[in-house]
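First up is the structure itself, then whatever we jot down about it.
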Amino acid sequence: GGCQGSDRACARRQGTMTMEVGKDAVIPPAQPPSQELLNELLHAGIEEILRQADENMCLEAPYGHVQPVPLGLAEMGDDASVEEEDEEDDAWLDEEDEEDGEEEEEDENQFTYEYGFNPIVALGKYLAKYNPKNVRTRQAEKQQAVRYLDKRATAALDNEAAFASLQEKVTAKRSGIAFGPISGNVTPQSVRLWAKAAMAGTVLFEVSFASDFSNVIESANVDVDNETTSLIAVANFDHLQSRCTYYYRACLMNKKKLMPGMEAGYFVAGKFTTLPEQDENVALKFCVVGAPLYAKGHELGGAVGRPASWATACDAIAKSDPSFVVLNGGVVPPGDVRSVKGSAEEKAETVKKFYLTQLGDPSLQMMFRNHPFVMGWNDDVKGSAHALKAEEAAMDKAEKDKRKRRKPWEEKVDPRGEMSMPLSVLSKHMPVEVEDDVTRHIYTKTRYGTQAEVFTLDTRGRSLGKAQMEWLVTNVVESPCAWKFIVTVSPLAYGQTPTEENSAEKRPDHKDRPTSDGRRASVVNFAKSLETDCPSEKAQQADAAVKIQSRARGRWARKNTGEDGETEAAPAPKEIAAETNTSRPTTGGNKPSTTISDVVAALTVQRIPGVAIISTDPGQPFAVVYEPEADYNIYEFGVAPLGANDPGALPPMMLDGLNGSFLLSSIAQTDHSTISVVNVAADGVLTLTILNDKGEKLEQVVVGAPQTKEGRW
């Protein structure tokens, strides 16, 4: 056998081709053919001639290739004149003999033979075809054709994606919905749908079991205008089934403005899944990301094509298919809000533009539409902590003064004054419900069966306030769930002096990384990325650690008192920050301030199991386990920002005095986003998985089920 008519086989035989031809393949440079190659090519050509001669039956008599001729066509063409002469000569035959002759001719098989096979011509064609130069030319032509087809295919896909995107934008524009719709406050039987219209009119919400909305089970019409509702439409649906996936859509109806509504097919749709019943024991998965550090359009912000894109992070969240998403800190970078200057009206307008810019990101909108979310929030505008204390004090004073008046119900002036600007703007651009109970706030709780209860906090300058702290401690203590997740923006070690003991040096497999100014990244200091309006917050952290340790030592002493009344020496407390002697701030009068560390101290006294603090860090995620008392643990999971991390941030640290240790290895520093995924199995085992913005696993930590206490987890 020769090359069997194959360029690849022949070229491989000749040693001129070692790779497949593709759009990215590189053809090696031409080499002069050697005498051995030419001899081998000639030998292969002669073998090919013999093969063709054998196929054409030129080696045996009758030395020609048999060509069968279809019946009835044997005497056509050049033999037409011969047929006429035969017909004249055979005219004497009678009609019956003529018919018999025609039948015999039809039954005979007609064959012709092709002669004249030229081996020299065949050899010349073979050598011309498989000449190394011609083979390389054909390879180059194939490569060029593959590149051209690939380019056409890419252009077609781009055109299709552009058309789909344009069609989606036109549909969203004609729907009359500027932002949303977004689902929130999801319970086993209810959901809260939110949408912001582009103009005044009637917003129509529809909920269905089917994605094509063939069977709409509930609907609601909400009138909106710019004066009374700020174009915000909110609808509550309270007759749903637990653990079911629903599809919802919204549109604006205003025929005067050519907004036809659902009939014309212009609407924006999403989906959500209701929560399980409170007594159901089912597995749970949710994703957590922090507030973005950079605004959309920033070099490291959420615009598509930037070094760290929101699109990839939101796609990774969608692929993980969580039950809900925890957004710890909101969607506007805290530094942007804090740096706004001007009058109150100018600040409000500027912050509104921030929200419009951030929420205009299509990937962020898609994530909100298809996944319910809960949000931890912190108002870090200068003076927010003092304003919270003043609000609580004003309500206390108003309650006392109300008893002295004859008709207290006629009092129409709010003693607390206007709602804070950041909270007011937030309530008009996000589906959050501002509750009015002592203070105006958005802190709330979400229960997921028997496995988890998520408490999202509303802090002001990292201060909880008296009302929120009482609410939080009471509900965490009374929660029967296996895990109690407390979502707060500030880490436990915020404002603490970094040392070698509390730094990331204690991480397993710690990797040294230089910071942006070349220093060794050996400690974490979240305070470097956030400013504070309370200079004594470091003392609060130290005081909380002292409180936890003192109570632990007192409990230890009571348990280790001998029969003679003598007490064994309690273990000495760990060294804490040098600012311990600073006086703590007060909340109106002589009441001490309330931070997340005070909450940890209160929960430690009662040894509440399954407590996990979910905080934030600007550089990378972290996980810490604290053991303030023997056989009692509290966990802290820090999450990284959405979209992009701070490339110059130092690694996190843990709170002094609580006997903590890191659970996660140091993750390589990157400006891309990371996503924290929390899984709680049916048996209470918790798994924390860190994903990059492509959904690839970076690190994972498994924590056993919490210990039971008095019949609870």
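Here are a few things to note about the model shown:
- Full extension of the segment from Leu59 to Thr350, taken as 0.36 nm per residue of separation minus the current Cα-Cα distance, would add 95.3 nm.
- FRET efficiency estimate (nearest 0.05) - Cβ-Cβ, Cys244 to Lys397, R0 51 angstrom: 0.60
- For Val605, the solvent-accessible surface computed with a 1.4 Å probe is close to 60 Å², ligands and nucleic acids excluded.
- The calculated FRET efficiency for Arg607 paired with Glu470, based on their beta-carbon distance and R0 = 22 Å, is about 0.70.
- With all protein chains modelled, accessible area of Glu399 [1.4 Å, Å²]: 80
- Radius 11 Å from Cβ of Asp617, net charge of other residues (Lys, Arg +1; Asp, Glu -1): -2
- Residue ranking by accessible heavy-atom surface, 1.4 Å probe, largest first, among Ile120, Ile317 comes out as Ile120, Ile317.
- For Ser384, solvent-accessible area (1.4 Å; no DNA, RNA or ligand), Å²: 10
- Extension reserve of the Lys694-Gln707 stretch, reckoned as 0.36 nm per residue once the Cα distance is removed: 1.1 nm
- Cβ-derived FRET efficiency at R0 56 Å, Glu160 paired with Ser424, nearest 0.05: 0.85
- Asp436-Arg51 pseudo-label distance in nm [points 7 Å out on the Cα-to-Cβ vector]: 9.2
- Zone residues, the stretch 679-704, relative to Glu280, backbone N less than 19 Å from point 7 Å out along Cα-to-Cβ: 679-685
- Neighbour net charge for Thr229 - beta-carbon separation under 14 angstrom, K R +1, D E -1: -1
- Ranking by accessible area, most exposed first, for Cys58, Cys314 with a 1.4 Å probe: Cys58, Cys314
- Spin-label pair Asp631/Glu40, simplified geometry with 7 Å Cα→Cβ offset, distance in nm: 7.9
- Each residue of the stretch 229-246 is assigned a 3J(HN,Hα), and the resulting list reads 10, 6, 6, 9, 10, 10, 9, 10, 10, 10, 10, 9, 9, 6, 6, 10, 8, 10 Hz, derived from the Karplus form 6.51 cos²θ - 1.76 cosθ + 1.60 (θ = phi - 60°), x at Gly and Pro.
- Violating pairs (Cα-Cα greater than 21 angstrom) within the set Lys352/Lys694; Lys445/Lys697; Lys352/Lys382; Lys353/Lys466; Lys151/Lys296: Lys352/Lys694; Lys445/Lys697; Lys353/Lys466; Lys151/Lys296
- Per residue, the stretch 339-469 exposes an accessible area of 48 Å² to a 1.4 Å probe, with every protein chain left in place.
- Remark: accessible surface ordering of Glu433, Glu280, Glu629, Glu60 (largest first) is Glu60, Glu433, Glu280, Glu629, probe radius 1.4 Å.
The values are calculated or read from the model by the stated rules, or taken from the named source; none is laboratory data. Only a predicted model underlies this, so the values are computations on that prediction, with no experimental measurement involved. We place every Cβ from the backbone using ideal geometry, glycine too, and count neighbours over all the protein chains shown. The area values use the complete protein model at the heavy-atom level, side chains included, leaving out ligands, DNA and RNA. Shrake-Rupley method; radii C 1.70, N 1.55, O 1.52, S 1.80 Å.
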